[in-house]
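The structure under discussion appears below in the form of structure tokens.
The values are calculated or read from the model by the stated rules, or taken from the named source; none is laboratory data. These numbers were taken from a predicted model, which means no experiment stands behind them. Reconstructed Cβ throughout: ideal geometry from the backbone, glycine too, with neighbour counts over all protein chains shown. SASA here: full protein model, heavy atoms, side chains in, ligands and nucleic acids out. Shrake-Rupley method; radii C 1.70, N 1.55, O 1.52, S 1.80 Å.
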Amino acid sequence: MSHKPPEKTIYPKYLSSVNLKLPIQHHLFTGDELAILNSAAVILARKCMETHGETLPKPPQQAQSGPLNRMERRYGLVDMAVASAHGYHLGTRDPRKVTQKSWKLTPEQRVILTGSTPDGKTSKNIRRFKGRSIPDGGCWRVAEKEIAVDGSQYGESDSARNLDSKAFQDSQKDPRVTAIFSAWSACMKGRGFAYPDPFAPAADARFQGDSETKEEVKVAINDVRCKEKVNLVGTWYSVEKSKQESLIKRNSRTIEQAASSKKSQLAKARRIIGRTP
């Protein structure tokens, strides 16, 4: 009697991760969604501060810094164009080159906005400042409560974010992923570079300067080529996606709450922005 050999698992060949999205991440906030939320919060906080005899200047426009989204460097560097141009740096988005502007607030504005002392140290007891009453947590907390109704957490759910993180950590221990790590490492060794895992090159002490180096670019190019050769992203993404789906089933209540809260907060924020002159 013959036995049919088990079918080999075929993983999709995802050569870029920036446009991928994992299941739990649908219930977290993108950068653009957080910007909508915070724009609405600024409007509400300004209104609150006016009732307490203070103005609130517009926050500064910040330059984009870091990865485009949660996935761009989740599995390490995977973009050959970026590798060739910047190595493990991020060009104009590299945090080592971007200077963020501070929100210029007077001590009075800062206290009423945050409910904290002028030097930024938090205090639960500051309810009055220079004769003015201050709402608990300041006007920013007032804004958060108006957007996140029913006592839900403002912004994305910590619990859902923790599940997203757990899936990522668990995926790295999965035999299918560790096997791919080994294959990638062997590929890199064959090209003259010794690294134990795909995160090691970016952490190389030689590549931590403000700008990329020729050696860094050389390593980065080979890193991406080896990832493509062993299908690291396709395999790792598929494994992590499966783990996230399992976590969603086991934590359905948490995910439902995160999804509902996100939908409600964004709807409220868009209404606030829409009705603002």
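The set of residues from segment 59-74 being surrounded by 14 or more Cβ atoms within 10 Å (Cβ to Cβ) and either of a type in the set (Gly, Ala, Ser) or not in a loop (DSSP other than H, G, I, E, B) (or both) comprises 65, 74. Scan segment 10-35 for residues that are hydrophobic (A, V, I, L, M, F, W, C), crowded, with 18+ Cβ neighbours inside 10 Å and not in a loop (DSSP other than H, G, I, E, B) and jot them down. Across segment 10-35, the qualifying residue is only 24.
Each residue in segment 83-100 was checked for being under 13 Å from residue 67 (Cα atoms), in contact (Cβ under 8 Å) with a residue 40 or more places away in the chain and either in contact with a helix residue (DSSP H, G or I) (Cβ under 7 Å, 6 or more places away or on another chain) or surrounded by fewer than 16 Cβ atoms within 10 Å (Cβ to Cβ) (or both), and 2 of them qualify.
Note on segment 188-277: enclosed helices (runs of 4 or more DSSP H) holding 3 or more residues that are open to solvent by less than 40 Å² (accessible area, probe 1.4 Å) and farther than 26 Å from residue 13 by Cβ are 252-274. Taking segment 150-166, which residues are in contact (Cβ under 8 Å) with a residue 40 or more places away in the chain and open to solvent by 60 Å² or more (accessible area, probe 1.4 Å)? Within segment 150-166, 153, 159, 161, 166 meet the criteria.
Among the residues of segment 213-240, those that are under 17 Å from residue 72 (Cβ atoms) and either under 24 Å from the mean Cα position of the chain (by Cα) or polar (S, T, N, Q) (or both) comprise 220, 223, 224, 227, 232, 233, 234, 236, 237, 240.
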